[in-house]
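The values are calculated or read from the model by the stated rules, or taken from the named source; none is laboratory data. All of these numbers come straight from a predicted model, not from anything done at the bench. When the accessible area is computed, the model is the full protein with side chains, heavy atoms only, and any ligands, DNA or RNA have been set aside. Shrake-Rupley method; radii C 1.70, N 1.55, O 1.52, S 1.80 Å.
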Amino acid sequence: MQLKVKKTKDMPTVFTLFGYRFWFYGNDHTPIHIHVKKGGSMAKYNILPISLVYNHGFKPSELKMIEAILEDNEEVIAQHWNTFFNNAK
């Protein structure tokens, strides 16, 4: 699957899948991480390795789904992060 980065000035969306929006902030910091939102719930995960930083509202079953998506797209996320921040300099 090829995913496109939707670039906005402040919050580039890496992809949206199953209603989950995966993005980072345009002025974010390392380590490489991704924010996830669906409805009123939000979470943040570090990438490489994948680890939950915080969760606000997702059920354990949703976190499992998100983590599976992240595992399948770990390299894609890191590539988009590196491309965005290397081009932002």
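Per residue of the chain, the DSSP helices (runs of n ≥ 4 H) give a summed -39500 (n - 2.57) that works out to -11500 deg cm²/dmol at 222 nm.
Taking the convex hull of the alpha carbon atoms in the chain, what volume per residue do you get, in Å³?
On the way: hull volume 8.4 nm³, N = 89.
Output value, Cα hull per residue: 94 Å³.
The candidates 59, 38, 44, arranged from most to least accessible area with a 1.4 Å probe in the full protein assembly, appear as 59, 38, 44. Taking all protein chains into account, the per residue accessible area for the range 5-89 stands at 58 Å² (1.4 Å probe).
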